[in-house]
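Below: the structure, in structure tokens.
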Amino acid sequence: MILVTGATGHTGQRLTARLLEHGEHVRVLTRRDPERLPARLRGAEIVRGDIEDAACLRRAVSGCRAIAAMTHIRFSPHVLAAARASGVRRVVFMSSARRFTKFPEHTARWVIEGEAAVMASGLDWTILRPSMIYGGDEDNNLTHLVRSLRRWPIHALPDGGRMLWQPVFTWDVVSAVVAALDNPATIGRDYTLAGPQPISYADMVRTILREAGLRRLLVPVPLGVVMLAARILSRVMSNPPLRPDQVQRMREDKVFDISAARRDLGFDPIPFQEGIRRKLAGEV
């Protein structure tokens, strides 16, 4: 039995489905009503409860050989405590490449602190750090960009869209998690998961437009102007579409070395053009 936390999330759903396809017995911890769970989770054993409820989490972990923690890594202390109490040693945690940002806002600090707890746990851990995951309509990353490009005839390119990104396709992340679970060579190791090569934001937008059959006017905008707009929006809106900390992170390239994941996990991510084609076609 493998416990998957965060199984109702975008990548967690797909991981659960892949494990079930491979004949694994899968248990998921969720607060949702079982009758309202995604279809991908059919066949998994359901335990209702909250990851912050120690008794509930111990019940979910009991009898498992491994845990795939797809919830935010800030919850790692809860998962680790339940694993120790239940005698489960093998744990694979989903982290985030955000830990490498030069502008460590609170979300990045959560990642760093969560990883530190895992590394000090004494368990047989593996940490996977994906860059920006994209895929289905609920990926919360490129979905918003695609919707904006479809809706508006003009699209702004902050700083001319020169910043480099390295987004990773959701099924490539799933394959890495599955590979890590049963590979002893990954114990005590951390891996960054990203696309095969960096792509500028401007080229990423152009690729989406080309694959979607759209034509839009792309307008370069200085980052100073974008920052001013973000500050104004943050003052007048409780949930602004753009925050100053997001603009700060636009100043840094998000480029990562994935050679270790290639070596130990057989990680072979698909190019962005192929991934966005599959996303737009609903093949995820």
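The values are calculated or read from the model by the stated rules, or taken from the named source; none is laboratory data. None of the values given here were measured: they were computed from a predicted structure. When we count neighbours, we look across all protein chains shown, and the Cβ atoms used for this are built from the backbone with ideal geometry, even at glycine.
The table below gives the values:
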item: Subset of region 30-57 [of a type outside the set (A, V, I, L, M, F, W, C), surrounded by 16 or more Cβ atoms within 10 Å (Cβ to Cβ) and either touching a residue at least 60 places away in the same chain (Cβ under 8 Å) or under 23 Å from THR126 (Cα atoms) (or both)]; result: THR30
item: Residue list for region 218-266, restricted to those being under 30 Å from PRO196 (Cβ atoms) and either small (Gly, Ala, Ser) or more than 22 Å from the chain's Cα centre (by Cα) (or both); result: LEU218, VAL219, PRO220, VAL221, LEU223, VAL226, SER259, ALA260, ALA261, GLY266
item: Test set (1) over 22 Å from ALA7 (Cβ atoms); (2) buried (at least 19 other Cβ atoms within 10 Å of the Cβ) - LEU80 fails condition number; result: (1)
item: Given (1) buried (at least 16 other Cβ atoms within 10 Å of the Cβ); (2) in a helix (DSSP H, G or I), index of the condition CYS64 fails; result: (2)
item: Residue list for region 87-102, restricted to those being in a loop (DSSP other than H, G, I, E, B) and charged (D, E, K, R); result: ARG89, LYS102
item: Residue within region 168-183 that is surrounded by fewer than 16 Cβ atoms within 10 Å (Cβ to Cβ) and touching a residue at least 40 places away in the same chain (Cβ under 8 Å) present; result: yes
item: Residue check, ARG48 in contact with a Cys (Cβ under 9 Å, 6 or more places away or on another chain) and modelled with pLDDT of 95 or more; result: no
item: Restricting region 199-240 to residues that are of a type in the set (D, E, K, R), in contact (Cβ under 8 Å) with a residue 40 or more places away in the chain and not in a loop (DSSP other than H, G, I, E, B), the residue that is surrounded by the fewest Cβ atoms within 10 Å (Cβ to Cβ); result: ASP203
item: Considering residues of region 11-26 that are of a type outside the set (S, T, N, Q) and buried (at least 22 other Cβ atoms within 10 Å of the Cβ) only, the residue farthest from the chain's Cα centre (by Cα); result: VAL26
item: Search result, residues across region 242-257 that are surrounded by fewer than 18 Cβ atoms within 10 Å (Cβ to Cβ) and farther than 18 Å from ASP159 by Cβ; result: ASP257
item: The listed residue being within 30 Å of ALA176 (Cα to Cα) and surrounded by fewer than 18 Cβ atoms within 10 Å (Cβ to Cβ), out of ALA281, ALA261; result: ALA281
item: Enumerated helices (runs of 4 or more DSSP H) restricted to region 103-194, each holding at least 2 residues that are farther than 26 Å from THR16 by Cα and in the same structural domain as ARG206 (by TED's automatic domain parsing); result: 142-151
